[in-house]
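Down below is the structure, laid out as structure tokens.
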Amino acid sequence: MMKKLIIFSLTILAISCTGDFGDVVDFKDVENPNLSQESVVGQPNSAGIWLSGLERQLAIVFNETLVLSELGSDNYVNTQTFFNQFMDGLEIQITDPDMRDTQRQIQRLRELAVFGLNEVGPGDPNYTAEIEAEFNFFEGLSYLFSAMYFSALPAEPVGAPVASAQHYQNAIAAFDAAIAISVKPEYYLAKARAYYYLGNKSEAVAAATNALTLSGDFDRFVLFDEANGPSNIFENALYERATFDDLQPLPTLDFLDPKYSFLDTSQDAPVHYLKAEEAYLILAEANLSDNNIVLARANLTELLDLIDTREVRTIDDAIEQRSQVAEGSRPDNEDVVVNGRAGLVLDRQSGEIDVPSVSGTSLTADDIAAMQDDDAGLSLLYRTRQEVFIAEGLRFVDMGVKLVIDENEILLNENINEGDLGTVPVIPPFIAAVVADLDAIDYTPGSLVATTAIDLNDVLVANKSSDAVVPFE
């Protein structure tokens, strides 16, 4: 309550100092004819233009969520970046402006989608069912991201915080509304992801199966504009900033880096955020939890077949020194063995390298044949999830970590006070216990052996009974 009194007092002070503030500036009288509601609502083809704006907003959302989620995971270590300085150590603070920006961009996506459904679409004489379905889909994505990255967020302007479980349900309702209009595999997969993180195995399996029935190789991606923006900010650190070596992957993931690299002067590397691979992995995990190793192996075999068809980019990454400030301090030779496994590190100095741009994995047919429905098999599946979804923001969610509502929202929203759900970071105790080791490696420069301090996949599986992780257990 004290915060409300302070804000109210400051308001009185401002008025007493200026007299009638409305006499100084009456913002209601300021109009831009090019930005008025009438310039959009009721205009032919406005819904299609609004949809393009939603696509652009989604790119902005990913520029926020990817940075925080990938830094907060064990995928990358932040060596000397212009990115957030706290997330590597999972120091999640309400005063961090990145919390504010991430929350606002997700909420902006929601409000744009809702306005498209309620105003822009109905007022457009050329409004189509497909665009209406997309508006519902984007609204669903806003709830999905709210649930994935926050334990609670308002679902409307200055509303009361809504718990992540309810956001997942809201997302499912929006995806169902999209499916009722236009059936697309990515709509079903988005629904499957929501059910997956809710731990609803039967519904997640049904939605994933429906997605694959429609297409066994679908891929929904968000585009970035290299020339006019927004560009792919994560790609900047992975590739374009070159010798800065901003982000370094775990040596176990070296062969997958950089997932995003320069395309051309007009188009930046896309983020593949809803792809068929996820459906196969959901089915495999469900079958493992049901002790059906035969079907789980079949799911993973289909996954490998699909990955074999995905784009692999050949790039020159010789300028990447893997130095982490000290020369040669990270593995950069293909003969390096990491955690007893060969073939995970690329030699970037001997010529061009091949890096998967959609999905890649170290999983092999022999691994699948030897896999059992035990903890080792589940850990292997989570290692595969980590590899397939690197730089896509899912590893952070798999870790059960949640961001916080930002300080401005707490101060200005009458429905939120410090200490409420959503204002305190969620870090499972078994993750908090290993924060210092998430990105730690043991490697002697010039040697051919590297080890990671921990295997987080084993940590996740060891704590599979927790509600925070491994949702089907």
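Summary of computed values
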{"read-out": "Average accessible area per residue (Å²) across the stretch 266-404 - probe 1.4 Å, nucleic acids and ligands excluded", "value": "35 Å²"}
{"read-out": "Cβ charges +1 (Lys, Arg) and -1 (Asp, Glu), total dipole of the stretch 129-236, debye", "value": "480 debye"}
{"read-out": "Candidate residues Lys191, Lys259: accessible-area rank, largest first, probe 1.4 Å", "value": "Lys191, Lys259"}
{"read-out": "Dipole moment magnitude, nearest 20 debye, the chain about Cα centre, only Lys, Arg, Asp, Glu C-beta charged", "value": "920 debye"}
{"read-out": "Under 10 Å, Cβ to Cβ, from Lys464 - net charge with Lys/Arg +1 and Asp/Glu -1", "value": "-2"}
{"read-out": "Selected from Pro251, Ala155, Val435, residue furthest toward positive end of dipole (the chain; charges at beta carbon)", "value": "Ala155"}
{"read-out": "The chain: DSSP helices with Cα axial extent of at least 27 Å and average Kyte-Doolittle hydropathy no lower than 1.0", "value": "none"}
{"read-out": "Phi-based couplings in Hz for the stretch 150-158 (Karplus 6.51, -1.76, 1.60; Gly and Pro marked x)", "value": "10, 6, 6, 8, x, 9, 7, x, 6"}
{"read-out": "Phi to ³J(HN,Hα) by Karplus 6.51 cos²θ - 1.76 cosθ + 1.60 over the stretch 415-426, Hz, x for Gly, Pro", "value": "8, 10, 10, 4, x, 5, 4, x, 9, 10, x, 9"}
{"read-out": "The stretch 244-345, relative contact order [Cα under 8 Å, separation at least 6], %", "value": "31 percent"}
{"read-out": "Leading residue at positive end of dipole, the stretch 373-473 (Cβ point charges), from Pro425, Met399, Ile410", "value": "Met399"}
{"read-out": "Convex hull per residue volume in Å³, alpha carbons only, for the stretch 219-360", "value": "128 Å³"}
{"read-out": "Bridge type composition, the chain - antiparallel percent by DSSP, nearest 5", "value": "90 percent"}
{"read-out": "Point-charge dipole on Cβ atoms (K/R +1, D/E -1) for the stretch 177-300, about Cα centre, debye to 20", "value": "680 debye"}
{"read-out": "Net charge of neighbours whose Cβ lies under 10 Å from the Cβ of Gly140, counting Lys and Arg as +1 and Asp and Glu as -1", "value": "0"}
{"read-out": "Ranked order, Arg56, Arg100 - accessible area, probe 1.4 Å, largest first", "value": "Arg56, Arg100"}
{"read-out": "Kirkwood Rh and Cα Rg combined as Rg/Rh, the stretch 316-405", "value": "1.03"}
{"read-out": "Heavy-atom accessible area order for Glu38, Glu240, Glu70, Glu311, largest first, 1.4 Å probe", "value": "Glu38, Glu311, Glu240, Glu70"}
{"read-out": "Accessible area of the stretch 115-232 divided out per residue, in Å², using a probe of 1.4 angstrom", "value": "35 Å²"}
{"read-out": "With eigenvalues of the C-alpha gyration tensor scaled by 5 and rooted, the stretch 321-473, Å", "value": "34, 22, 15"}
{"read-out": "Rg to Rh quotient for the chain, alpha carbon positions, Kirkwood Rh", "value": "0.99"}
{"read-out": "Carbon/sulfur fraction of accessible area - the chain, other protein chains in place, 1.4 Å, %", "value": "53 percent"}
{"read-out": "Mean separation of Cα contacts under 8 Å, 6 or more apart, over the residue count of the chain: relative contact order %", "value": "18 percent"}
{"read-out": "Relative contact order (%) - criterion: Cα under 8 Å, at least six apart; region: the stretch 139-242", "value": "18 percent"}
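The values are calculated or read from the model by the stated rules, or taken from the named source; none is laboratory data. As the structure is a prediction and not an experimental result, all values here were calculated from the model. Positions of Cβ are backbone-derived with ideal geometry, glycine not excepted, and every protein chain shown enters the neighbour counts. Heads up: the accessible areas ignore ligands, DNA and RNA and are worked out on the full protein's heavy atoms, side chains in. Shrake-Rupley method; radii C 1.70, N 1.55, O 1.52, S 1.80 Å.
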